[in-house]
Amino acid sequence: MRGISKRFGTVLANDRLDFTLRPGEIHALLGENGAGKTTLMRILYGLYQADEGQIYINSLPVTIHSPKDAIHHGIGMVSQHFALVSPNTVTENLILGMTRGLRLNLRQAHEAVRAAAAQFGIQVEPEAVIRDLSVGQRQRVEILKALYRKAKVLVMDEPTAVLVPQEVEQLFSSLRSFKEKGFSVVFISHKLQEVMAITDHVTVLRAGRLAGEVPTKDTNTNELARLMVGRSTFGMTRKSDDEHKALPALVLERVTTLDNKGLPALKEVSLAVRAGEIVGVAGVSGNGQTELAEVLAGIRPVTQGSVLVCDEDVTNATPQAMMAAGVGRIPEDTRANVIGQMTVAQNMVLEKLHHFSQKGTLDRQAISRYAETLIEDYQIKASPNDPMRTLSGGNLQKVVLARVLAQKPKVLVVAQPTRGLDVAATEYVRSKLLEQRAEGAAILLISEDLDEILQLSDMIAVLYEGRIMDMRAAHGATPHELGLLMAGVQKG
Amino acid sequence: MRIQVERNPAPVWFRALIPLMSILLTFLLTSGFVLAYGANPLQAAYYFLMDPLSNPVRLIEVLVKTTPLLLTGIAVAFAFSGGYWNIGVEGQLYMGATAATAIGLQMHNTPAWLALPLVILGGILAGMAWATLPALMKVWLKIDEVVTTLLLNYVAIFFVSAILNGPWRDPISQWPQSPEIAASAVFPRLIPRSRLHLGFILALLVVLGVWFVLSRTSFGLKMKAVGFNIEAARFSGINVERTLLMVALISGGIAGLAGASEVAGIHFHLIDAISPGYGYTGIIIATLGALNPIGVSLAAVFIGLIDTGAQTVSRALGVPIYLGDVLQATLLLVTLGMLLLQSYRISLRRQVGAPAE
Amino acid sequence: MDSILSMTFLVGLIAATLRVATPLVYATLGEVFTERAGILNLGIEGIMFLGAFVGFAAAYKANEAGLAGYLWIGLFSAILAGIMMGLLMGFFSVTLGVNQHVAGLGITLLCTGLSLLGFRIVFGERSVLPSIDPFAELSPFKGVPVLGDIASQYLLTYIAFLIVVPLSWWLLFRTSFGLNVRSVGENPEAVDAAGLNVFRIRYLVLALGGGLMATGGAFLSLAQLGAFTPGIIAGRGWVCIALVIFARWHPVRAALGALLFGGVFALQLRLQTLGFKLPFEIFLALPYLVTIAALALASRHISYPGAYLKPYRRE
């Protein structure tokens, strides 16, 4: 790919990028969130059209208008949010778009899928329904889907984001065997350790531009970090934790609840978070984290158990009641949980409109003033009347953070706070959390990012299939141990 | 060369011209029908748009026609703004008309200062009552309100037909129309010896009230939040169920008022055809007005204009009056398309991938 | 007076049920396909109305011109009109991606207006309603007790239950077309990533749906009535929308739902003649109320297709 540029509105996502992939190579496309990696690969796969530039395959220029062309050229994509149809079976997903004629011979298709699975050494059950599969299994289906279409190039977008350490190892060994068979892999990631471990070559993007390109063996994590963000290390080191025996501010006692399908999502979860403490809940997505956050947000009822905030029973309380009890909530998917079409100011006051209205009428000046104060205090790059949806991910998160922290909550329930944010925003959010901890808030941090959990937590609880596997001090916990717990392996 | 469509707001001049372009395109598309009758499309356009404005009598007629349209249009716009798809305005109107008639028939010995508020209140409450079942089904059982409100329209019309053919059948003429309501229950004229009645003022007040609620109250903000993103609204502590219920009831009440207005202001008794589809036209008006009260008011007047003009067109040019219906439906679709196009910028792009020179 | 449980009454009821259910089967199946692809087509009421009008007008004119098979000409014209309206809905909901509720209602209003206007244009003002000889009923078991009466149905009814319903099931679950349609309604991204054209699949389904809906309408004017009146559809289209949910988007269940509604409708017609001292409008309203009640009882925990109401864009 040479000279690829792509603009979305006012944002230049790709700025004259060059990218070269050789046969039998695992090539990392590295960059922080928002650097343009996914955009570049979506152009390769035909989902976007570049504004400028040219793609060459085997030195011949090609035009890729749509995924159909990309597949024709042997390019397969395993996206971050799998492109699978959940009520359908594995086979139905695999043959989608590859059927000849009108009639479907499902038995024949199942056989073909079984054969392909054996050929590529990927374990899948053709008649299984996607909905019932684990995340790791779904990823395998996605990979098989690409290979089934005779892909020679596999583009994998953040493949390890949803895997436990052990599954990551399995994935890596699969990738190595693909390499031997002559396939090439584009490995999109922002995780330096993994890039060093598995790849042959690294292309680093920063803010849409090419920051550097090196063979992996000639570089190290510091160098890559420097290319990625312009500094040689990032992240903050925590000050040593002080042992205070404060009282628990948030207590969950045998909380049990169901998910949207009526299946058990949380099974007798018991947790306590003390004032001035961060309890991190680790786990692979889909093990109850979403439901846990929803219970504490007041939008999901519990079928058993109780929730107490500073000894006040708030079991099954409404969101209003939760907030009144002093619980501040940062939702998991921030963009989906703010009103994009409304202004920044309106979103800031939405949770406590009664403070800003007299007899039902809004006090618009007070709202403006409030918004301006928060914007200044939290360095939000937006003005009160900007539509919320025009804000960048980082600023969006700051708005939510601002409105929650301005209430001086006693308890903070925070879910995936830095997902999708660039490094600067990530640091800001994490520093604010530590600040709140220092001021005595009890923080429950639910995150799929194990590094984040290790970095911020005092205590770590691992959630697996709705149960707390273990709770231990963060000091001294290793990713390996936690990985085992996250995969459901109890200590013997 | 390829056509490239990007998510970039269209230039402001385009957006301001949308109403004009929609109208032009609509008339263009429907001119075929006029030509089929050997008539001149430009002349038809004149009768639709200009003639009703040409003399005071016609103008008043436009305002008379606009009255129910303002009410149904704002009723629909209010509901849609809150994320509640109230397609049952027609039925709610019918029930409001029925209640107004029922009360009006009892007001023979009651002075106007008491009779009028009772009639108005009755209409509003009846409309609210008819809107209740679908609203509860939505809130408790999560059943989509589109179908339930629609089906109840037919039930309401059957109900009115039943009482008009039964207990309220006019004893003298034996036609399916109710006896006349008391004189004290009749809406006073705004201009002596004209058809313009109190309902017009009421409609303006309602529009003003809706504008105030939507832009200046906390309830307005909450209901808009629910309309934009129901999950985010719930997360923010808004009682989504209660908000939806209130939106549905208020919308139904306004529709009921439209029914009362038609009975007490125009017909003075209940008839089968008390509404020639005002409820559905309300949807057109709400969409044309982009759901905001000012736009809805303008759209209502515009449709009132077309409705008045349609009669003239039919009389003068022989084109059936249904042309007005086709015109309005086309205008709706064209406007819908235009409103969407305003969020996109269309440009021509050179093909990517041409061999480098 | 026949008692309500007599054999004659029941046989008559069953025969009538099949007949009344026929237009509903066509239209509901059309909407099932459409919603399976993720689109709500509220134009159904209008397209049925248009189908009834175009079918009748075309048949009438063909008859005037002395063409044999004028009824079939009418039917095919109706189907064509339905397909075009389906494509128009496609333009708004797929290409433009506007609000599907409003677009569908707009199409209904447009079709209604066009049909009423068209009727005036074609037939002018007449004191007597124009009519034609409708399709004849087939009576394969004439003379046989019970079965003979029940089986005395229009060809279109036979086609509906014996061909269209099983064919729809087969098409949806045993063909690649059906697989594509179901996938598009659940996760269009997956379909796009697999190299298929999401827009084309949706347009096709809308055209198919439109054709089926128009057939439902044409049945009423070409078979049942032999004429066209403004009240010919009277909200059946909306009932079909409810039936689709009731049927959980499954063709066979949709047919059962159509039979249920048809049964209630046929029943109320008969009850009217049985001398109950209630205004006939109550009976007329009964099917609609039953539909609402059915929705209330059967709509718990229904999972709509994943991409329902969402236009697809490659953002």
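Out of (1) buried (at least 21 other Cβ atoms within 10 Å of the Cβ); (2) within 23 Å of C:Phe265 (Cβ to Cβ); (3) in contact with a Ser or Thr (Cβ under 9 Å, 6 or more places away or on another chain), the odd one out for C:Leu40 is which?
Condition not satisfied by C:Leu40: (2).
If you go through segment A:211-231 one residue at a time, how many are within 24 Å of the chain's Cα centre (by Cα) and farther than 18 Å from A:Val423 by Cβ?
The qualifying residues number 0.
Can C:Ala190 be described as facing another protein chain (nearest Cβ under 10 Å) and modelled with pLDDT under 90?
no
Of all residues in segment B:226-248, which are in contact with a Ser or Thr (Cβ under 7 Å, 6 or more places away or on another chain) and either of a type in the set (Val, Ile, Thr) or modelled with pLDDT of 95 or more (or both)?
The one that is in contact with a Ser or Thr (Cβ under 7 Å, 6 or more places away or on another chain) and either of a type in the set (Val, Ile, Thr) or modelled with pLDDT of 95 or more (or both): B:Val226.
A:Val162 - would you say it is touching a helix residue (DSSP H, G or I) at 6+ places or on another chain (Cβ under 6 Å) and either crowded, with 22+ Cβ neighbours inside 10 Å or within 14 Å of chain C (Cβ to nearest Cβ) (or both)?
Answer is no for this residue.
If I filter segment C:197-216 for residues that are under 22 Å from C:Val20 (Cβ atoms) and within 14 Å of chain A (Cβ to nearest Cβ), do I get at least one hit?
no
C:Ser183 - would you say it is surrounded by 24 or more Cβ atoms within 10 Å (Cβ to Cβ) and in contact (Cβ under 8 Å) with a residue 24 or more places away in the chain?
Spelling it out, it is not the case that C:Ser183 is surrounded by 24 or more Cβ atoms within 10 Å (Cβ to Cβ) and in contact (Cβ under 8 Å) with a residue 24 or more places away in the chain.
In segment A:13-65, how many residues are among the hydrophobic types (A, V, I, L, M, F, W, C), touching a residue at least 24 places away in the same chain (Cβ under 8 Å), part of a loop (DSSP other than H, G, I, E, B) and more than 29 Å from A:Glu180 (Cβ to Cβ)?
2
Residue check: is A:Thr38 touching a Lys or Arg at 6+ places or on another chain (Cβ under 9 Å), under 14 Å from A:Val155 (Cα atoms), away from chain B (no Cβ under 12 Å) and of a type in the set (S, T, N, Q)?
no
Yes/no per residue for (1) touching a residue at least 40 places away in the same chain (Cβ under 8 Å); (2) within 14 Å of chain B (Cβ to nearest Cβ); (3) more than 16 Å from C:Gly74 (Cα to Cα):
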| site | (1), (2), (3) |
| --- | --- |
| C:Leu114 | yes, yes, yes |
| C:Leu117 | no, yes, yes |
| C:Phe135 | yes, no, no |
| C:Pro140 | no, no, yes |
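With the condition kept exactly as written, say whether any residue in segment C:96-105 is more than 10 Å from chain B (Cβ to nearest Cβ) and touching a residue at least 24 places away in the same chain (Cβ under 8 Å).
Yes; the residues of segment C:96-105 include at least one that is more than 10 Å from chain B (Cβ to nearest Cβ) and touching a residue at least 24 places away in the same chain (Cβ under 8 Å).
At least 3 residues that are of a type in the set (A, V, I, L, M) and crowded, with 17+ Cβ neighbours inside 10 Å in each: list the strands (runs of 3 or more DSSP E) lying fully within segment A:419-484 that qualify.
A:442-446, A:459-464
Would you mind telling me which numbered condition in (1) under 27 Å from C:Leu50 (Cβ atoms); (2) more than 9 Å from every other protein chain (Cβ to nearest Cβ) C:Val146 fails?
The one condition C:Val146 does not meet is (1).
For segment B:190-242, what are the residues that are outside any helix (DSSP H, G or I), within 23 Å of A:Ala336 (Cα to Cα) and within 7 Å of chain A (Cβ to nearest Cβ)?
Across segment B:190-242, the qualifying residues are B:Asn229, B:Ser236, B:Gly237.
Looking at (1) facing chain C (nearest Cβ under 9 Å); (2) part of a helix (DSSP H, G or I); (3) aliphatic (A, V, I, L, M), which is the one condition that is false for B:Leu118?
So the condition that B:Leu118 fails would be (1).
So which pairs qualify, if the first residue must be in segment A:326-344 and facing chain B (nearest Cβ under 8 Å), the second must be in a loop (DSSP other than H, G, I, E, B), the Cβ gap must be under 6 Å, and the two must be at least 6 apart or on different chains?
A:Asn337/A:Pro331; A:Ile339/B:Asn229
What is the one condition in (1) more than 14 Å from every other protein chain (Cβ to nearest Cβ); (2) in contact (Cβ under 8 Å) with a residue 60 or more places away in the chain; (3) within 16 Å of B:Asp325 (Cα to Cα) that B:Gln43 does not satisfy?
Among (1) more than 14 Å from every other protein chain (Cβ to nearest Cβ); (2) in contact (Cβ under 8 Å) with a residue 60 or more places away in the chain; (3) within 16 Å of B:Asp325 (Cα to Cα), B:Gln43 violates only (3).
Give me the residue from segment C:167-187 that is over 21 Å from C:Val94 (Cα atoms) and more than 7 Å from chain A (Cβ to nearest Cβ) and, out of that set, nearest to the chain's Cα centre (by Cα).
C:Ser168
Can you go through A:Val113, A:Val124 and tell me which one is free of Cβ contacts under 8 Å to residues at least 60 places away in the same chain, of a type outside the set (Gly, Ala, Ser), under 20 Å from C:Ala190 (Cα atoms) and touching a Pro at 6+ places or on another chain (Cβ under 7 Å)?
Only one candidate passes the filter, namely A:Val113.
Kindly indicate the residue of segment B:169-205 that is modelled with pLDDT of 85 or more and among the aromatic types (Phe, Trp, Tyr) and also surrounded by the fewest Cβ atoms within 10 Å (Cβ to Cβ) among those meeting that condition.
Top of the filtered list is B:Phe200.
In segment B:243-281, which residue that is in a helix (DSSP H, G or I) and without any contact (Cβ under 8 Å) to a residue 40 or more places away in the chain is nearest to the other protein chains (Cβ to nearest Cβ)?
B:Met246
Do any strands (runs of 3 or more DSSP E) lying entirely in segment A:112-221 carry at least 2 residues that are under 30 Å from A:Leu12 (Cα atoms) and of a type in the set (Val, Ile, Thr), and which ones are they?
So the answer is A:153-157, A:184-189, A:201-206.
If I ask for residues that are at pLDDT 90 or above and within 22 Å of the chain's Cα centre (by Cα), which ones from segment A:435-452 would you list?
Result: A:Ile443, A:Leu444, A:Leu445, A:Ile446, A:Ser447.
Does segment A:66-87 contain at least one residue that is part of a helix (DSSP H, G or I), free of Cβ contacts under 8 Å to residues at least 12 places away in the same chain and loosely packed, with under 14 Cβ neighbours inside 10 Å?
Among the residues of segment A:66-87, not one is part of a helix (DSSP H, G or I), free of Cβ contacts under 8 Å to residues at least 12 places away in the same chain and loosely packed, with under 14 Cβ neighbours inside 10 Å, which makes the answer no.
The values are calculated or read from the model by the stated rules, or taken from the named source; none is laboratory data. Source: prediction; values computed, not measured. Ideal geometry is used to build each Cβ from the backbone, glycine not excepted, and the neighbour counts take in all protein chains shown.
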